[in-house]
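Written below as structure tokens is the structure these notes are about.
The values are calculated or read from the model by the stated rules, or taken from the named source; none is laboratory data. Everything quoted here is computed from the prediction, not taken from an experiment. With ideal geometry, Cβ positions are generated from the backbone for all residues, glycine too; neighbour counts draw on all protein chains shown.
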């Protein structure tokens, strides 16, 4: 332990290290001061590299997009037209059937007996009519000879007329009994796909009540959807302007894609628009007709439909990635004079083959920044490389062949 009465003597090596550190700090301060006095800062950073391109100019037409479902043109619940016990079923569940194919047989024996009875009554009525006509002819001859009274003659005439009426009633009874016998064989009223059987053989089925099965036709098939009042008014205006909505496939064409499809591959045409708007939803019901030869489409299936909503018009297209948002505005950056970045506020439209339509805010001569957007700001000097805008999904939809000008607002568009 050091003696408290002995004075502390500093270590000479520690003093030398302290003097060296102070010297380095003073030198650094002097260097900064000299740089500040000379008026020169650090070297400027290199311009940002960006890829620019002029907007792609194309002729396009607009399509409006709707969600809806498929529905059969005809769907029939098969019910028996006579009451009886089900004897046999003559189809498989889910089978495709043709009009007139035998589906069910109801025990025909009671109805065969009724028909035989009606035929016997008809024969009896015919015999009575023949006898009455013979008596009437005899009475007529005797009346001419004065051998019978007028009253007797009128009685014979009435009897003959009654016999004729009885014959007519008997014939009607035979026809009715024959119809009921025929109704014991239940046939398909149309071409289509049968549902499953609802009743097993041996069960009692009731006339016009029991549902035996259902037959639904599948080709063609309808697509049902609801459109907003604004779109209804737009289409009315286009019609009054004489805009023809036709494609190489159909007049007034539609395209549909299913839930598992990325592209609109199903083609059809508009078939019907309802006569009134729904006051609760502000929409109007409409439908399209689609051929379904492979029976891929089935009632109740959902899909997306797009309807041709304009004529042909010129549009500028840019990638969606080159568009940024500032509050509620959509903007793009363009490279102007001196390679300085400028800002353009734009109004966008639908997609065309994966590119966004620009309705206003750009010209064909603007060099739009399409790569490196995240690194630029207004006034930034950049080093631009010239590129070219290429649609990422070219030719994904057919081109309408014969359309008159101008456009309407829509959610999708196709190149022309």
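Please work out which residue is surrounded by the fewest Cβ atoms within 10 Å (Cβ to Cβ), limiting yourself to the stretch 131-154 and to residues that are touching a helix residue (DSSP H, G or I) at 6+ places or on another chain (Cβ under 8 Å) and closer than 30 Å to residue 173 by Cα.
Looking at the filtered set, the residue picked out is 131.
Can you name the condition, by its number, that residue 96 falls short on among (1) surrounded by 13 or more Cβ atoms within 10 Å (Cβ to Cβ); (2) over 30 Å from residue 220 (Cα atoms)?
(2)
Going by what's in this entry, would residue 207 be described as outside the structural domain of residue 299 (by TED's automatic domain parsing) and assigned to a helix (DSSP H, G or I)?
Taking the combined requirement at face value, the residue does not satisfy it.
When you check residue 117 against the structure, is it assigned to a helix (DSSP H, G or I) and modelled with pLDDT of 95 or more, yes or no?
Against the criterion (assigned to a helix (DSSP H, G or I) and modelled with pLDDT of 95 or more), residue 117 qualifies.
Any chance you could count how many residues in the stretch 184-205 are more than 30 Å from residue 298 (Cβ to Cβ) and crowded, with 18+ Cβ neighbours inside 10 Å?
1
May I ask you to list the residues in the stretch 285-329 that are in a strand (DSSP E or B), closer than 26 Å to residue 270 by Cα and at pLDDT 90 or above?
Within the stretch 285-329, 285, 286, 287, 288, 289, 290, 302, 303, 304, 305 qualify.
Go through the stretch 335-353 and count every residue that is in a strand (DSSP E or B) and in contact (Cβ under 8 Å) with a residue 40 or more places away in the chain.
7
Give the number of residues within the stretch 78-114 that are over 29 Å from residue 295 (Cβ atoms) and part of a strand (DSSP E or B).
Result for the stretch 78-114: 4.
Against the condition modelled with pLDDT under 85 and surrounded by 12 or more Cβ atoms within 10 Å (Cβ to Cβ), how does residue 339 come out, does it pass?
Answer is no for this residue.
Which of the numbered conditions does residue 355 fail, given that it passes all the others? Conditions: (1) under 16 Å from residue 57 (Cβ atoms); (2) buried (at least 19 other Cβ atoms within 10 Å of the Cβ); (3) modelled with pLDDT of 90 or more.
Among (1) under 16 Å from residue 57 (Cβ atoms); (2) buried (at least 19 other Cβ atoms within 10 Å of the Cβ); (3) modelled with pLDDT of 90 or more, residue 355 violates only (3).
Within the stretch 251-263, take every residue that is in a loop (DSSP other than H, G, I, E, B) and at pLDDT 85 or above and give me the one that is surrounded by the fewest Cβ atoms within 10 Å (Cβ to Cβ).
260
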